[in-house]
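To start, the structure under review is shown below, and the notes come after it.
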Amino acid sequence: MPLTRVALGGLDPLFIGAGRAVVAAALAAGALALTRQALPRGRQWVRLAVVAGGVVAGFPLLTSYALTEVPASHGAVVIAMLPAATAVIAVLRTGERPVRAFWVFAALGAVAAVGFAVLQGGGAGHLQRADLLLVLAVLACATGYAEGGVISRELGSWQTISWALVLAAPVMLALTATSMVADPPSASPTQWLCFAYLACVSMFLGFFAWYRGLAIGPMAQVSQVQLAQPVLSITWAGLLLGERITWLTALGGLAVVACAASASRARTARARPS
């Protein structure tokens, strides 16, 4: 979140959201070619398309546009719904049956995050367009995480994100070209460095460990590691961008984290042997 905000100072949101995927796809294609990976088969391509739609296209594009309107700290708290959303979709995808308390706390986490967005925007009548984009980004990313975790058990972790990037490359390349024609990129070295981090780490290398962890599972439990994300994002937004950390932001983050943590405990309590 904070580095996206920095990059937006000189780069178009469409260029950031799509261009980072193009750079990552080039790295992925090289890695797949050098290691002579076998092509995915049959329905695996459809499942990779779900991963690509969620984490290669959906989340980067939606968050890039959202962060043109709201601070990184605001985006971080709304994105704090992601652990609970990932857990819910993972449960639905894998057919697990968690206890009722899991669903209660997961729903409370979503309500707390949306409530924060409403209050931060000035009331129910002032819910910002960026908040809708961030919620859609959460749903897209959670779906991509859950499906990616499942297919990583078949293809491998880095292979999964690599094939998803390659599959999405033609569309993302077209979007990048469109952005460059409409608004040629003109950024400072710092802004280009932030873009490079988003492309190489956030869009590619970070998924090596993340999908490996989800593949080992259980996914609903592993997904709760993301609870550190809003805290870290808000902290870096304060340090790098000088954003003011208000009590409302802090309390909103704590409420969402508490609900998501409770959902995780409720789910793992059922899985633990008696």
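Looking at region 69-85, I want the residues that are closer than 14 Å to residue 251 by Cα and have a partner that is hydroxyl-bearing (Ser, Thr, Tyr) with Cβ atoms under 8 Å, at least 6 apart or on another chain. Which pairs are those?
73/233; 73/249; 74/249; 76/233; 77/249
Which pairs turn up if I take residues in region 168-195 that are over 23 Å from residue 49 (Cα atoms) and assigned to a helix (DSSP H, G or I) and look for partners that are modelled with pLDDT of 90 or more and among the β-branched types (Val, Ile, Thr) with beta carbon separation below 7 Å, at least 6 apart in sequence or on another chain?
195/16
Conditions tested, residue by residue: (1) within 21 Å of residue 64 (Cα to Cα); (2) out of contact with any His (no Cβ under 7 Å at 6 or more places or on another chain); (3) at pLDDT 85 or above.
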{"position": "97", "(1), (2), (3)": "no, yes, no"}
{"position": "102", "(1), (2), (3)": "no, yes, no"}
{"position": "113", "(1), (2), (3)": "yes, yes, no"}
{"position": "141", "(1), (2), (3)": "yes, yes, yes"}
{"position": "150", "(1), (2), (3)": "no, yes, yes"}
{"position": "186", "(1), (2), (3)": "yes, yes, yes"}
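State whether the residues of region 63-80 include one that is out of contact with any Pro (no Cβ under 6 Å at 6 or more places or on another chain), of a type in the set (A, V, I, L, M, F, W, C) and modelled with pLDDT of 90 or more.
no
Considering only region 66-85, I want to know if a residue exists there that is polar (S, T, N, Q), in a helix (DSSP H, G or I), under 30 Å from residue 14 (Cα atoms) and more than 14 Å from the chain's Cα centre (by Cα).
Within region 66-85, the subset polar (S, T, N, Q) is 68, 73.
This time we only want the ones that are in a helix (DSSP H, G or I), so: 73.
Subset that is under 30 Å from residue 14 (Cα atoms): 73.
From what's left, more than 14 Å from the chain's Cα centre (by Cα): 73.
Yes, because at least one residue in region 66-85 is polar (S, T, N, Q), in a helix (DSSP H, G or I), under 30 Å from residue 14 (Cα atoms) and more than 14 Å from the chain's Cα centre (by Cα).
Would you mind finding the one in 90, 33, 24, 49 that is over 15 Å from residue 151 (Cα atoms) and touching a residue at least 12 places away in the same chain (Cβ under 8 Å)? Steps first, answer last, please.
On the way: 90 fails: over 15 Å from residue 151 (Cα atoms); 33 fails: touching a residue at least 12 places away in the same chain (Cβ under 8 Å); 49 fails: over 15 Å from residue 151 (Cα atoms).
Only one candidate qualifies: 24.
Pairs only if they're at least six apart or on different chains, beta carbon under 9 angstrom, first in region 216-228 and at positive phi and part of a loop (DSSP other than H, G, I, E, B), second among the hydrophobic types (A, V, I, L, M, F, W, C) and surrounded by 15 or more Cβ atoms within 10 Å (Cβ to Cβ); list them, first residue then second.
If the second residue must be among the hydrophobic types (A, V, I, L, M, F, W, C) and surrounded by 15 or more Cβ atoms within 10 Å (Cβ to Cβ), the pairs left are 217/90.
If a residue must be at pLDDT below 95 and surrounded by fewer than 19 Cβ atoms within 10 Å (Cβ to Cβ), how many such residues does region 1-29 contain?
3
For the condition of a type in the set (Ser, Thr, Tyr), out of contact with any Asp or Glu (no Cβ under 8 Å at 6 or more places or on another chain) and either closer than 16 Å to residue 203 by Cα or surrounded by 20 or more Cβ atoms within 10 Å (Cβ to Cβ) (or both), what is the one hit in 73, 64?
On the way: 73 fails: out of contact with any Asp or Glu (no Cβ under 8 Å at 6 or more places or on another chain).
Only one candidate passes the filter, namely 64.
Taking the stated definitions as given, is residue 152 under 30 Å from residue 42 (Cβ atoms) and of a type in the set (Gly, Ala, Ser)? Write out each step before concluding.
Values: under 30 Å from residue 42 (Cβ atoms): yes; of a type in the set (Gly, Ala, Ser): yes.
Taking the combined requirement at face value, the residue satisfies it.
Can you tell me which residue is modelled with the lowest pLDDT among those in region 241-261 that are assigned to a helix (DSSP H, G or I) and more than 28 Å from residue 222 (Cβ to Cβ)?
Our first condition is that a residue be assigned to a helix (DSSP H, G or I); within region 241-261, this holds for 241, 247-261.
Keeping just the survivors that are more than 28 Å from residue 222 (Cβ to Cβ) gives 241, 247-248.
Values: 241: 75, 247: 74, 248: 71.
Per the stated criteria, the residue is 248.
For residues that are part of a loop (DSSP other than H, G, I, E, B) and either closer than 16 Å to residue 175 by Cβ or aliphatic (A, V, I, L, M) (or both), tally how many sit in region 1-40. Give the derivation first.
First, the residues of region 1-40 that are part of a loop (DSSP other than H, G, I, E, B): 1, 8-12, 35-40.
Pick out the ones that are also either closer than 16 Å to residue 175 by Cβ or aliphatic (A, V, I, L, M) (or both) and you get 1, 8, 11-12, 38-39.
Going through region 1-40 one residue at a time, the tally reaches 6.
Condition (residue is touching a Leu at 6+ places or on another chain (Cβ under 8 Å) and at pLDDT 80 or above) applied to region 120-131: is it met by at least one residue?
Looking through region 120-131, at least one residue is touching a Leu at 6+ places or on another chain (Cβ under 8 Å) and at pLDDT 80 or above.
The values are calculated or read from the model by the stated rules, or taken from the named source; none is laboratory data. Values in this document were obtained by computation on a predicted structure and should not be read as measured data. All Cβ positions, even for glycine, are placed from backbone atoms using ideal geometry, and neighbour counts span all protein chains on display.
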